[in-house]
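The structure appears below as structure tokens.
Each value in this text was obtained by applying a stated rule to the coordinates, not by laboratory testing. Just so we're clear, the structure is a prediction, and the values are computed from it rather than from any experiment. A quick note on method: Cβ atoms are made from the backbone with ideal geometry, for glycine too, and the neighbour counts reach across all protein chains shown.
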Amino acid sequence: MTTLTDYLNDYSPNPALSDVITTVTDVGKTISQLLRKGALADILGEAGNQNVQGEDQKKLDVLANDLLLDALAKNTHCAGVASEELDDATPANADGSLLVLFDPLDGSSNIDINMAVGTIFSVLPYQRQGQISENADFLQAGNQQLAAGYLLYGTSTVLALTIADHVVMFSLDPDTNDYVLIQENVQIDINTSEYAINASNYRYWRAPMQQYIDELIAGETGVRGRDFNTRWVAAMVGDVHRILCRGGLFTYPFDTKYANKAGKLRLMYEANPMSLLIERAGGAATDAVNRILDIEPTDIHQRVPVVLGSKNEVDYVKNLHVTYADK
């Protein structure tokens with residue numbers, strides 16, 4: 001039986017990275033326990049305020065954010081922390097060598113109905129050791145990530161992690177309270193007949209995305225010549241987990257619903273860490289055309305369109321967009 005500690009000892013490139021990952025995953029144990037208690041822990045319902053994104057916060061949104069922020073601020077290797085829930089990054093230990101970004105509770109609208117939610121995290125190198133970290137220090141392309149992963153709080157608590165050139169999964173053993181390795185070298189099939197999208201936004205999509213979904217809906221009677229199934233968890237962490245387990249495509253494409261938002265998902269807290277996991281598992285991740293991990297961020301709360309999953313399907317979407325642009 002291989003635990004997370006065993007794995008980090010064998011594969012982590014440095015002790016600092018191992019320590020930061022351990023801090024995040026230890027907080028994940030606490031969040032998992034709170035979710036199991038649900039209403040008994042008084043974590044359900046609205047917190048009564050909004051985050052920097054203008055979204056209503058759930059009680060556990062705030063609690064999970066505070067737990068992660070406090071734990072990472074005490075970690076001597078962490079120079080700064082950025083959260084989806086806060087306007088600005090929080091300086092931590094100036095002598096630290098790492099920066100941590102997180103979405104404390106992805107899919108929090110699912111909490112009150114007892115569906116899957118998760119914590120997404122990303123670790124970047126810190127280039128100015130000895131100085132107080134600032135927002136600008138976090139503006140690194142996703143290809144600079146040293147580690148990325150998520151904790152999925154579902155029927156069991158699962159950790160997906162990449163620190164090397166592959167993706168592994170652990171399950172939290174409720175008897176020992178250890179993360180135990182359950183899958184090595186996760187791989188995604190290059191083809192799929194399953195996709196996830198919020199179809200209620202169809203009227204706001206660009207023409208090539210509308211065409212793509214029309215083709216999938218037409219199934220074996222259309223140009224694709226086969227049927228497709230729709231699956232939608234309404235939490236990115238749940239949809240990506242399904243793709244890592246059995247393939248598929250997930251997309252939250254560009255739309256015109258909100259004029260000031262290029263997409264719904266955040267580059268630094270959601271798109272980058274998930275894209276690193278997907279790519280290292282043999283999949284692909286784009287903004288419909290460009291590789292997400294190559295995007296140079298301009299703001300820690302930047303949003304981007306996302307198309308990720310089985311490689312051939314992601315490439316098919318890209319070709320539709322390129323062809324449309326050429327016309």
Farthest toward positive dipole pole in the chain [+1 Lys/Arg, -1 Asp/Glu at C-beta], among Ser310, Leu146, Leu293 = Ser310
note = With label points set 7 Å from each Cα along the Cα-to-Cβ direction at Arg226 and Asp87, the distance between them in nm comes to 5.1
remark   = In a Gaussian network model of the chain with springs linking alpha carbons closer than 10 Å, the residue among Thr176, Thr22, Thr76 that fluctuates most is Thr176
inquiry  = Of Pro273, Tyr202, Ile113, which is farthest towards the positive pole of the chain's charge dipole, taken about the Cα centre with +1 and -1 on the beta-carbons of Lys, Arg and Asp, Glu respectively?
reply    = Tyr202
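Would you kindly state how much longer the chain becomes between Gln144 and Asp214 on full extension, computed as 0.36 nm times their sequence separation minus their alpha carbon distance, in nm to one decimal?
Details: separation 70, 0.36 × 70 = 25.20 nm, distance 3.63 nm.
Net length gain for the segment: 21.6 nm.
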ask   = Dipole magnitude of the chain about its Cα centre, charges +1 at Lys/Arg Cβ and -1 at Asp/Glu Cβ only, in debye to the nearest 20?
value = 760
note = For the Glu296, Gln33 Cβ pair and Förster radius 41 Å, calculated FRET efficiency rounded to 0.05 is 0.55
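Once the piece of chain linking Tyr316 and Thr76 is laid out straight, how much longer is it, given 0.36 nm per residue of separation minus the C-alpha distance between them?
This chain segment gains 81.9 nm when fully extended.
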Part-to-part distance (alpha-carbon centres) for the range 105-176 and the range 260-327, which is given in Å = 18
note = Mean-square fluctuation maximum in Gaussian network of the chain, Cα pairs under 10 Å, restricted to Arg226, Arg303, Arg291, hits Arg226
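Classify the range 4-183: rounded, prolate or oblate, from the alpha-carbon gyration tensor (a ≥ b ≥ c, eigenvalue square roots; a/c under 1.5 rounded; otherwise prolate if a/b is larger than b/c)? All intermediate terms of the calculation are to be shown ahead of the outcome.
Values: a/c = 1.97, a/b = 1.17, b/c = 1.69.
Taking the square roots of the gyration eigenvalues as a ≥ b ≥ c, the range 4-183 is oblate.
Roughly what % of Cα-Cα distances in the range 194-326 sit above 21 Å, to the whole percent? Could you put the intermediate results ahead of the total?
On the way: 3175 of 8778 pairs.
Result for the distance tail: 36 percent.
Only Lys, Arg, Asp and Glu count, each charged at its Cβ (+1, +1, -1, -1), so figure out the dipole size of the range 4-183 about its Cα centre, rounded to 20 debye.
Here the range 4-183 has a charge dipole of around 200 debye.
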request  = Using the Cα centre as the reference, give the magnitude of the dipole from point charges on the C-beta atoms of the range 194-326 (Lys, Arg: +1; Asp, Glu: -1; all else neutral), rounded to the nearest 20 debye.
outcome  = 280
ask   = What's the local net charge at Thr119, with K and R +1, D and E -1, over the other residues with C-beta under 9 Å away?
value = -2
ask   = What is the set of long-range amide H partners of Gly263 at a cut-off below 5 Å, with H atoms built 1.01 Å from backbone N?
value = Val304
